[in-house]
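The values are calculated or read from the model by the stated rules, or taken from the named source; none is laboratory data. Quick caveat: nothing in here was measured; it's all calculated off a predicted structure. Quick reminder, even Gly has a Cβ in these numbers, built from the backbone with ideal geometry, and neighbours come from all protein chains shown. Please note that ligands, DNA and RNA were not included when accessible areas were found on the heavy atoms of the full protein model with its side chains. Shrake-Rupley method; radii C 1.70, N 1.55, O 1.52, S 1.80 Å.
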Amino acid sequence: MLREIRPAIVLLLILTAITGLAYPLAMTAIAGALFPAQAQGSLVEKDGKVIGSALIGQEFREDKYFHGRPSATVAPDPNDSTKTVSAPYNAANSGGSNLGPTSKALADRLKEDVDKLKAENPNQPVPVDLVTTSASGLDPDISPEAAQFQVPRVAKARNLPEDTVRKLVASNVLGRWFGLLGEPRVNVLALNRALDQAAAK
């Protein structure tokens, strides 16, 4: 019987070493060599300090910044571990709200968000991505329409001409991958950094 078990154990150890150690280490080394920034999480730095990632959204609340998509991610409540609290863009707990189209809580939140945005820019239809969360809750991008919708508020808060801000948005639109995949998008963190630089001039 030991004769039959020994090859199975040896094979298990060999495959564990190959697929559990050698392969992941080789892929990590190759990714680090070919794509060093992406392998480290596409981190964004300012003055030598990490301020975020190009792949994970951030919450911007001030009127002088463009806002991203709402995030439904949560974290454990520090006062009661059996409950959770809202923690936008929490990469440790990626996920949507799981609220369906018949949910009153979702309908109430959507109505509140739409009303607030309509008051901000009454002449334009509210882009859907400014009121709906992504499946991950971490989406760093918004549509060009969502960015343009926010131009009047941002321009007013920054005391900049709307035309200047619109051009800044247009220059930060990223096209489809390889010209085919996905939709045009604007990375909110990159746009806000460009906005800060433009305002500082």
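A few points about this structure:
- Relative to the dominant Cα principal axis of the chain, helix 104-120 is inclined by about 40°.
- The residue among VAL154, SER136, PRO78 whose Cα reaches farthest toward the positive pole of the charge dipole of segment 62-201, with charges on the beta-carbon of Lys, Arg, Asp and Glu, is VAL154.
- Cα gyration tensor shape for segment 9-89, rounded if a/c is under 1.5, else prolate or oblate: oblate
- Estimated Rh, the chain: Kirkwood, alpha-carbon pairs, angstrom: 20.2
- Within the accessible area of the chain (1.4 Å probe), percent carbon and sulfur: 60
- For the pair segment 121-183 / segment 23-91, the C-alpha centres are spaced 20 Å from each other.
- With 5 Å bins beginning at zero, the pair-distance distribution over Cα atoms of segment 38-129 amounts to 2, 10, 14, 20, 19, 15, 11, 6, 2, 0 %.
- Summed over the residues of the chain and divided among them, the accessible surface reaches 67 Å² per residue at a probe radius of 1.4 Å.
- Rounded D (µm²/s) - segment 75-157, Kirkwood Rh over Cα pairs, Stokes-Einstein at 20 °C, 1.002 mPa s: 145
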